[in-house]
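Structure first, commentary second.
The values are calculated or read from the model by the stated rules, or taken from the named source; none is laboratory data. These numbers were taken from a predicted model, which means no experiment stands behind them. Note that we place each Cβ from the backbone using ideal geometry, even for glycine, and neighbour counts take in every protein chain shown. Calculation scope for accessible area: heavy atoms of the full protein, side chains included, ligands and nucleic acids excluded. Shrake-Rupley method; radii C 1.70, N 1.55, O 1.52, S 1.80 Å.
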Amino acid sequence: MIREQPKTAKSGETPRISIIVASDRVDKLFPAVTLASTAAMMNWEAELFFTTWGLLALRRGHEASEVSADYKIHEEGLRRAFTSGSMPGWREVLEEGKKTGRLRVYACSTTMGLFNLNLGDLVEIVDDVVGAAYFLGRAKESEVNLFVS
Amino acid sequence: MEADITVDARYKSCPGPLLALAQAVRGAKPGKVILLLATDPGAPKDIEVWASHVGHKLLGVERGEEVYRIYVEVSG
């Protein structure tokens, strides 16, 4: 049993978490979406902002499954964990988070232009296309801010 | 302890047990007791914090040789 409950920043208010995702490697995507989806399942408001290479993971019909070059040595073990079902896939975790209605997924507008993408090119879980200022406005209201790349 | 629903999340790593429990809770009526079977060593503390945030009641955790038996009562 836990002796002390973790403190949230402002008692009585809904905690918020904002995460910038700047990689399309599964070893980066998995922890980012796990934290956001878990937060949403804990009744937090959660935001994921996919930018640069991170946005490539959200292209429709494209299953991001590569491991970072630095950790290729662990790729087989990771794949085994995913295929055996001991670890859920990152997309499944994201979809579970979305079901709460408290997780929002944003695509970076500059990256959309860089890769010549439209909202229709991305999977349906993307809520909107936004820029840096919009995300900063959301991040300012968040007690937890993370950058994953 | 008696349970109305059993959720088997053995050999699933974080966040697998929580995903499985949250799915079961969504489909359960208030007052029902869910038994979550888990082997992930983080599961008891994870479920305790989760339950305290969302208002469900952690009734208890039994630790077997390999498996945690985590009882949660669904709130209204």
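Would you call residue A:135 out of contact with any Phe, Trp or Tyr (no Cβ under 9 Å at 6 or more places or on another chain) and in contact (Cβ under 8 Å) with a residue 40 or more places away in the chain? Taking the combined requirement at face value, the residue does not satisfy it.
If you go through region A:37-79 and keep only what is surrounded by 15 or more Cβ atoms within 10 Å (Cβ to Cβ) and aromatic (Phe, Trp, Tyr), you end up with A:44, A:49, A:50, A:53.
Note on region B:15-57: residues that are among the basic types (Lys, Arg), in contact (Cβ under 8 Å) with a residue 12 or more places away in the chain and either within 11 Å of chain A (Cβ to nearest Cβ) or in a helix (DSSP H, G or I) (or both) amount to 0. Kindly establish whether residue A:28 is out of contact with any Lys or Arg (no Cβ under 9 Å at 6 or more places or on another chain), away from every other protein chain (no Cβ under 13 Å) and either at pLDDT below 95 or surrounded by fewer than 16 Cβ atoms within 10 Å (Cβ to Cβ) (or both). For residue A:28, the condition - out of contact with any Lys or Arg (no Cβ under 9 Å at 6 or more places or on another chain), away from every other protein chain (no Cβ under 13 Å) and either at pLDDT below 95 or surrounded by fewer than 16 Cβ atoms within 10 Å (Cβ to Cβ) (or both) - is not met. Of the listed requirements (1) open to solvent by 20 Å² or more (accessible area, probe 1.4 Å); (2) within 14 Å of chain A (Cβ to nearest Cβ); (3) not in a strand (DSSP E or B), residue B:61 misses just one: (3).
Remark: residue A:86 matches the filter, which requires a residue to be surrounded by fewer than 18 Cβ atoms within 10 Å (Cβ to Cβ) and either under 20 Å from residue A:37 (Cβ atoms) or aliphatic (A, V, I, L, M) (or both).
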